[in-house]
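First comes the structure, then the notes that go with it.
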Amino acid sequence: MGLIASALLDLLDGGDDALAMGLMGVAAIAVAAALLKTRRLNHHPRTGQSLTILLLVWVTAIGIGTAVYLVTGTFSGRGFWSAFSDSLFESASGFTTTGMTALPVVEEASRGVLAFRAISNWLGGLGGLTVAVAVLPFLTGTHSLSSDPDRTHGALRSIAPSSRRAMRNILAIYGGFSALLVVAYAATGIGVFNAFAYGLSTASTGGFATNTNSLWGENNAGAEWVAIFGMFVAGTNLAVLWWGIRGAANSVWKSQELRLYVFATTIGVVVTSIAVAANDGALISRQAVFAVASTISTTGLRAHDWEAWHPGATTLLFVFMAIGSMSGSAGGGFRWLRIRTLLAFIRRDLLSRLYPKSVLVVKIDGRPIAESVVQQLVGYLVLYAGFVLAGAYAVALFEDGFRRALIAALSAVSTTGALVGVPSAEQLRVGERAVLVPLMIAGRLAILPVVVSAIRLLDRIAARTRSTLAGRGYTETVPGGRRA
Amino acid sequence: MHIIVVGAGEVGSYVADRLSREGHDVAVIDVDEARLQQVAQDLDVLTVAGSGTHPATLRQAGLERCDLVVAATSDDEVNLVTSMIAKQGGVESTIVRIEAPELMSDEAEEVLKASGADLVIDPDSETAKKVLDILEYPGASEVASMLRGEVVVIGARLSDDAPLAGMRLSEVAARYEPEWQFLVGAITRGDETIIPRGDQMLEAHDLLRVVCRRSARREIVELLGLARDIPKRIILLGGGRTAFMLADKLSARGAEVVLIERNPGRARFLAERLDHVLVLQGEITDVSLLIEARIEQAGAVVALTGEDHANVLACLYAKMSGAQETVAVTHNLQYLKLLDEIGIDSAISPRTASANGVLQFVRGVAQVQTFLTGDAEVLEFEVADGSVADGATVAELNLPKEALIGAIVRDGKAQIARGRSSLRKHDHLVLFAMPQAVDEAARLFA
């Protein structure tokens, strides 16, 4: 559908890509319809299965996107493999809401392609929200969106969101918010098409721009303020927004994660403002607010050159990039709820040393958190850091320095996409891209689905190898007996 | 009035005692025969062994001529069913004791309605309210809010260095005119309680009940020689229902609350449900635990377990360690004198807290406050149109010797009563009285 919409936009603009995109769109819909008709999905797949299916959904979307860029010839001129690598990177960057672009000059792309990029961001954001609500409700705080919280917990077993109502609410809020942003951008005079593209890539925390210099290139203060508002809101928990819409202001401010998010943003704004003031002498700095909103929401829209700022400010922005947005939002990163919970457990640990006979229960928003959550949290922290560090190591094999490699890996895992201090994405080598694409997908899917799928795949390979070996007459000794 | 009290426990037997002493015809029902025997020995009441949920037992206790049934067992369901049966048997009014918060919610309104209960009493929440009042007036041993909070009755022992010690009441009046903002309504000296007149001398260690305007409460506390800071760090010993309610309210007010509970399961339950409260698990008499709770820094220590001995011991240790204020919940009223002697600041009994509600209902007055020490009561009356009091001054009223008007509230404004104060219809009064004078005084306002 997105493809057909992009094709129509291209047609309106008199572009050459309309036919190719339209045909691709029709083909994609046909394939999807055929799949739905012939292969009904098991409605209650096991956890591992559903995580793998989730991964496959993203891989398929990225595959279709890659084909679109190839068919439209967006990256032509440097041979097929180069075009393929660029297309894959652009597609993955779009659907994972990372927003790094392989386009050397964005303005040269057709409107159809630019629209498709924005739509891929938007779909990626919607997918991210669905993952947060349906697949990883653990610590996402989105239960209250569904009428039946218990079932949302059980949603881990099902690939489809267990509550249709929750899905409807997500669509209503996300769609409404995107439309609001499009209108707001249009009102700043950046043009209707740009407003559409920025609206979608802001609401989704994607960060694709229609200008090589990102929003900076538009040179429009109003648009930057709209982006600041849009990015900050896009990084907040959907459930919190839902309470806000329904007028439950009390519940909104009771969210400890929101308070931490607002507190961190404020600190960030103060610190970066000081850094900017030291450079430019400006007291109240739009640049500072923009940079904080862009990193903390993991959107990655660029408005200014942060590289010139004091390292105290840029380092803080990287920390924000790593922690990212609130849980249950379209953004990525480690998320503030996990930080809040980790802090609560650390405080509990310290208190228990002061009061050895105390009975201390960790609570978030007044609800007790089970002890098993600590293990999950620590596990996730290790996985997250592991992905970033391993990614940085792999990127460093192709890069000039570890700092750049670390930023690139962090930017991919957190799905931020803003590359400060590293060469722009189009200059990344093929090897680096091969590392960054899986990192982006892992980051978008909150890592677990990728790890679980990898383990399942390895298991299957091992089993097949065993059976092959057994077929050749080898046997394996297992504790407690012999197995063929 | 013929009144049936179901349940001869702490609350039931105390209510039966108060009612029988006021001349009501009281029958007490309980399943526990040993407990009944004790009641029969101590009180002038009829006792019937059996369950209040059995119509036959209720009939045996005189259901046909009964005006009021007080269902005061510790079992909510028994109390509700008793009320239902009593109403079906034609009893005009029933009072039901309820503990489960679920039954107090709006959802349970229908259940209470079906039981026909005219009044619901909850000893635990009444006790919690009393403790909260006392913590607001550190140094006072008793506090009661009257006339919708416009005036406060403070019970406190006069300290040696109190400005009022050694003065006659008439001198007190002269010295504090014209801003006379308080009035001594009752004095307990030794075992005797009197309603004082102007020539009465105040002595150190007298237990005074003083009525004052709410706005003047701090000055009064100073005059009584009791001024202390409102406690910030509060340690609650025991984790029952009362403690739960207290911890919740105190932490919401911003106090630093530490709670000690013996039962590990209950301690966890409390830790899960109470925000900003530090829960420690262990015995309240375990000194090392009290040290861990930093009892010496406590602004107030409130002991609320079901065991009087433990409550007293822990409070004593707290006082010795330097805790500012100690409050002990006592179930056995015989300890009261001892508590006072050993320096525990206040004692609260769950039984009096709920008995006040019952007495209020029986007498049909707006409010009744009884105290643990001494018989004096404080009551709230409204001056009826065309009553003796309507249009008279306080001096002209000819009140019985054992009664005294403490304060008058007219159009929402409180004033302390004096001889020349005039009374008008719809005025609300605070009256100090000994039980035997209540009826006679009440007639003047009716």
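The values are calculated or read from the model by the stated rules, or taken from the named source; none is laboratory data. None of the values given here were measured: they were computed from a predicted structure. Note that we place each Cβ from the backbone using ideal geometry, even for glycine, and neighbour counts take in every protein chain shown.
The table that follows gives values for the structure above.
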read-out	value
The range B:251-280: number of residues that are touching a residue at least 24 places away in the same chain (Cβ under 8 Å), among the small types (G, A, S) and within 8 Å of another protein chain (Cβ to nearest Cβ)	1
Odd one out for A:L381, checked against (1) within 12 Å of chain B (Cβ to nearest Cβ); (2) in contact with a Lys or Arg (Cβ under 8 Å, 6 or more places away or on another chain); (3) modelled with pLDDT of 85 or more	(1)
Check on B:A298, crowded, with 24+ Cβ neighbours inside 10 Å, among the small types (G, A, S), in contact (Cβ under 8 Å) with a residue 24 or more places away in the chain and within 11 Å of another protein chain (Cβ to nearest Cβ)	no
Test: B:E341 is modelled with pLDDT of 90 or more and either in the same structural domain as B:L19 (by TED's automatic domain parsing) or of a type in the set (D, E) (or both)	no
Odd one out for A:S372, checked against (1) modelled with pLDDT of 90 or more; (2) at negative phi	(1)
Subset of the range B:281-295 that is within 11 Å of chain A (Cβ to nearest Cβ) and of a type in the set (A, V, I, L, M, F, W, C) - its residue that is surrounded by the fewest Cβ atoms within 10 Å (Cβ to Cβ)	B:I291
When residues of the range A:321-352 are limited to those that are in contact with a Ser or Thr (Cβ under 8 Å, 6 or more places away or on another chain) and within 30 Å of B:L280 (Cβ to Cβ), the one nearest to the other protein chains (Cβ to nearest Cβ)	A:L351
Qualifying positions in the range A:344-392 - among the aliphatic types (A, V, I, L, M) and outside any helix (DSSP H, G or I)	A:V359, A:L360, A:V361, A:V362, A:I364, A:I369, A:A370
Wholly enclosed strands (runs of 3 or more DSSP E) of the range B:1-94 bearing at least 2 residues more than 21 Å from B:L359 (Cα to Cα)	B:46-49
Any hit, the range A:386-401, residues being modelled with pLDDT of 90 or more, under 24 Å from the mean Cα position of the chain (by Cα) and hydroxyl-bearing (S, T, Y)	yes
Test: residue in the range A:363-373 that is over 23 Å from A:K254 (Cα atoms), surrounded by 16 or more Cβ atoms within 10 Å (Cβ to Cβ) and either within 14 Å of chain B (Cβ to nearest Cβ) or not aromatic (F, W, Y) (or both)	no
Checking A:Y355 against (1) touching a residue at least 40 places away in the same chain (Cβ under 8 Å); (2) within 14 Å of chain B (Cβ to nearest Cβ); (3) touching an Asp or Glu at 6+ places or on another chain (Cβ under 7 Å), the condition it does not meet	(1)
Top-ranked residue of the range B:249-279 - restricted to ones that are closer than 19 Å to B:Y137 by Cα and within 24 Å of the chain's Cα centre (by Cα), ranked as surrounded by the fewest Cβ atoms within 10 Å (Cβ to Cβ)	B:A252
Residue in the range B:211-227 that is within 14 Å of chain A (Cβ to nearest Cβ), surrounded by fewer than 18 Cβ atoms within 10 Å (Cβ to Cβ) and acidic (D, E) present	no
Any chance B:I234 is in a strand (DSSP E or B), away from chain A (no Cβ under 14 Å) and under 23 Å from the mean Cα position of the chain (by Cα)	yes
Residue selected from the range A:214-248 under the condition crowded, with 23+ Cβ neighbours inside 10 Å and outside any helix (DSSP H, G or I), by the criterion modelled with the lowest pLDDT	A:N237
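Quick grid of which residues meet (1) closer than 23 Å to A:N220 by Cα; (2) touching a Lys or Arg at 6+ places or on another chain (Cβ under 7 Å); (3) in a loop (DSSP other than H, G, I, E, B):
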{"site": "A:N250", "(1), (2), (3)": "no, no, no"}
{"site": "A:V289", "(1), (2), (3)": "yes, no, no"}
{"site": "A:S325", "(1), (2), (3)": "no, yes, yes"}
{"site": "A:I339", "(1), (2), (3)": "no, no, no"}
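Quick grid of which residues meet (1) modelled with pLDDT under 85; (2) β-branched (V, I, T):
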residue	(1), (2)
B:G322	no, no
B:T330	no, yes
B:S346	no, no
B:S349	yes, no
